[in-house]
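Worksheet: one structure, shown below.
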Amino acid sequence: MRVLAAMSGGVDSAVAAARAAEAGHDVTGVHLALSRNPASYRTGARGCCTIEDSNDARRAADVIGIPFYVWDLSDRFHDDVVEDFMDEYAAGRTPNPCLRCNEKIKFAAVLDRALALGFDAVATGHYARLRTGDDGLVEMHRAVDHGKDQSYVLGVLTQDQLRHALFPLGDSTKPAVRAEAERRGLLVADKPDSHDICFVADGDNAGWLREKLGDRAPNHGGQIRDEATGEVLGTHEGTYGFTIGQRKGLRIGRPAPDGRPRFVLDIEPVSGTVTVGPRERLRVERIDAFRPRWCGTVPDRLEGTVQLRAHGAEHRAVVHVAGDDVRIELLDPAEGIAPGQAAVVYDGTRVVGSATITAAHRVATDGATDGPTDGPTDEAAAGATDGVTAR
């Protein structure tokens, strides 16, 4: 089988390419140049879009003994991932750019080009497992190493994409992968994992958004108010610097009367108001979502689990599907859920699909369901995004 191995320059993708070659596949390595100016993206261990990473990938391909190319996808990445990131914040939502990169770049632009060039599959260093079910469909399951499992950011993949995907690391732990890289003579064996968002140079999301949004930002300041009393507790420099559930960095002038910490409950970019309150007001028991992407058969109703953050816990849930609308009843309430985040649905270890959260309905203090936390659809900006890029 002809396999295109996406090589980021990290240890995971290098070992994945080596395993694919050792399995007898005809492997070609490719590094994706995603930055229009690589020097402006992160350097060292914290990114995956640098010249250093490209050189590391090339050296790994030489050791493995496979052809190697660099594909310039910087324009596509900017339009589909970076601009989407800014647009989502400007609309009051909290996106996950790693998930969007997998959907739009690695398993759309790259896979489409690979198939057009006669390749049969794309291999990556993601930690997830593939198997064929009794119905003949390709199933994606959580990785053996739950601490490294990346099925959440792959939950956007369709059945056709899964049929042309290889995840050689799904049955391995991270320490085993590093030890194997060292045995193979790969110089990236001890290279640290990349964290955060590759196109935010210093990890300061709010500062990056402040600079890049410019006039697209709906506000550059506003009030911080207490939910219960309506009292103005402080001011801020832009709602894009906050995310629902945030506790640190609020710069509130005085503590709450009961002495308990406050958390961000709501963000209103049009008025520039950030509303804060006690932690129990973050508890969510129902989620509305849309734009689902199913990995296989579309369910009508499913009792399973959902994961709401890249490194978050699973929550028992009942999922109802009606066309493009998804309603999720959480049997285990969650906290700090923001519109724009992905809700990835699981049946045991199997990934069923993913949908984008539009509203999170909080548990009211009297036990009834409170009104939804949902982002404005016209103009806004909000919080922070977590993610780890497969290397």
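Quick look at the numbers
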{"read-out": "Qualifying residue in the range 103-110 (condition: aliphatic (A, V, I, L, M) and modelled with pLDDT of 95 or more)", "value": "no"}
{"read-out": "Options Asp202, Asp190; residue that is in a loop (DSSP other than H, G, I, E, B) and over 21 Å from Val82 (Cα atoms)", "value": "Asp190"}
{"read-out": "Set Val344, Val352: member being modelled with pLDDT of 60 or more and touching a helix residue (DSSP H, G or I) at 6+ places or on another chain (Cβ under 7 Å)", "value": "Val344"}
{"read-out": "Pair list, Cβ under 7 Å, 6 or more apart: the range 279-291 residue closer than 14 Å to Ile357 by Cβ and in contact (Cβ under 8 Å) with a residue 12 or more places away in the chain, other residue assigned to a strand (DSSP E or B) and of a type in the set (Ser, Thr, Tyr)", "value": "Glu285/Thr369; Arg286/Thr369; Asp288/Thr358; Ala289/Thr356; Ala289/Thr358; Phe290/Thr356; Phe290/Thr358; Arg291/Thr356"}
{"read-out": "Qualifying residue in the range 233-240 (condition: at pLDDT 85 or above and of a type in the set (Gly, Ala, Ser))", "value": "yes"}
{"read-out": "Scan of the range 276-304 for residues that are within 30 Å of His236 (Cα to Cα), of a type outside the set (A, V, I, L, M, F, W, C) and outside any strand (DSSP E or B), ordered by number", "value": "Pro278, Arg279, Glu280, Arg281"}
{"read-out": "Any hit, the range 149-163, residues being part of a loop (DSSP other than H, G, I, E, B), in contact with a helix residue (DSSP H, G or I) (Cβ under 8 Å, 6 or more places away or on another chain) and aliphatic (A, V, I, L, M)", "value": "yes"}
{"read-out": "Residues that are more than 24 Å from the chain's Cα centre (by Cα) and crowded, with 19+ Cβ neighbours inside 10 Å, drawn from the range 273-306", "value": "Val274, Thr275, Val276, Gly277, Arg281"}
{"read-out": "Index of the failed condition, Gly304 passing every other in (1) under 28 Å from Arg350 (Cβ atoms); (2) touching a residue at least 60 places away in the same chain (Cβ under 8 Å); (3) out of contact with any helix residue (DSSP H, G or I) (no Cβ under 8 Å at 6 or more places or on another chain)", "value": "(2)"}
{"read-out": "Arg260, sole failed condition from (1) modelled with pLDDT under 90; (2) surrounded by 14 or more Cβ atoms within 10 Å (Cβ to Cβ); (3) at negative phi", "value": "(2)"}
{"read-out": "So Gly245, is it part of a loop (DSSP other than H, G, I, E, B) and touching a Leu at 6+ places or on another chain (Cβ under 6 Å)", "value": "yes"}
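The values are calculated or read from the model by the stated rules, or taken from the named source; none is laboratory data. Since the model is a prediction, treat every value here as computed from it, not as a measurement. Note that each Cβ is placed from the backbone with ideal geometry, even for glycine, and that neighbours are counted across all protein chains shown.
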